[in-house]
Every structure is written in structure tokens, then in C-alpha cells.
Amino acid sequence: MGVFTYESEASTVIPPARLFKALFVDAAEVMPKALPQAIKSIVTLEGDGGPGTIKQTYFGDGSLSFKERTDAIDKNNFSYAYTVFEGDALANTYEKIFNESKIEASPDGGSVCKTSTTYYTVGNMDAKADEIKDGQEKQMGLFKAIEAYLLENPDA
């Protein structure tokens, strides 16, 4: 199994508590509204949102999906970790994809979201740079769409 880790960072004017809630606590409600063309729904299959919770995300038309497991959630320190372990996002190349995010306050009252994504390839396959780049671009697009949604909907 090959292992490749990618680090990313994104800044926003959204305060940490609100951003964390939208990205990780209320994702099932917020993401389909913020990205209706990309995310049809997020369904909790088991659990209560804490570690061990299994969710399934359905893309745009509902024909593609992936399952993820919540590995850790710390609402006080705004950190969240999850593993994508099944579905179309793995593209027959990855055994799993582990994501760990931490949201910190920025001096201007906004936030900085730091994410580490680790890709575990199937067997001796090499990580495909173009697939990883595409995944990271989609992750940043999701972040920006959530930011725009929160700015347009101050009560969300």
C-alpha cells in the first residue's frame, strides 16, 4: 500500500464556531443547499455524529456516492477527522482517504482551516497526481461554496 499526504490551508471571514458547525456538525443540511449541483444529500447510516458515525454522501444526480466514518470530533477545539472508506471517490485506486481538519481563529475575526489528507492506495498502485489534484480542487471548491452560502445566509 502506498501512502501520500497532502496539506492545505484556507482562510475565510467566517468565525471558527460557525464554520465548524456548517462544515462538520450540520453538513447534511448545509452542503446540499450550498452545492445543490454537486451534492444531492448526506445520510447518516449509523451513529449520532460522534466517532464511529457512518454517513453516505450522494453526488448531484444521486448515481454516485461514498461512505465515510467519523474518526474524531472536538467541538471545543474545532477539529474533525474522518475516513472515506467506500464508494466512487476512491476510484478503484485508493483503499481509503483520511482527512483531518482543524479550524483556528484568525486575527481579523475569521478563520483558517488547515486540512491534512492522506491517501492510501490499493496494493502497490501509485497515487495518481491528477486525481489527487482534482480531489483537492473539489475540496477547496466545497470550502468556498460553504463560505459563500454562510455569507448569503447569516442565520444559517
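Brief remarks on what is shown
- The label point for A91 and the one for D155, both projected 7 Å from the Cα toward the Cβ, are 4.1 nm apart.
- Judged by the gyration tensor of its Cα atoms, with axes a ≥ b ≥ c, segment 1-82 is rounded; a/c sits under the 1.5 cut.
- 3J(HN,Hα) along segment 45-57: 8, 7, x, 10, x, x, x, x, 5, 10, 10, 10, 9 Hz, from the Karplus curve 6.51 cos²θ - 1.76 cosθ + 1.60 with θ = phi - 60°, whole Hz, x for Gly and Pro.
- For segment 42-95, projected area of the alpha-carbon convex hull averaged over all directions, nm²: 4.2 nm²
- GNM remark for the chain: springs join alpha carbons under 10 Å apart, and the peak mean-square fluctuation among Q37, Q56, Q136 falls on Q37.
- Over the chain, dividing the summed -39,500 (n - 2.57) contributions of all DSSP H runs of at least 4 residues by the number of residues returns a 222 nm mean residue ellipticity of -7500 deg cm²/dmol.
- Volume per residue that the Cα convex hull of segment 40-133 spans, once the total is divided by residue count, Å³: 132 Å³
- Acute angle (nearest 10 degrees) that the helix 129-152 long axis makes with the longest principal axis of the chain, alpha-carbon atoms: 20 degrees
Any read-out appearing in this document is the output of simple, stated calculations on the displayed coordinates, not a laboratory observation. Computed from a prediction, not measured in an experiment: that's the story for all the values here. Glycine also receives a Cβ, built like all others from the backbone with ideal geometry; neighbour counts cover every protein chain displayed.
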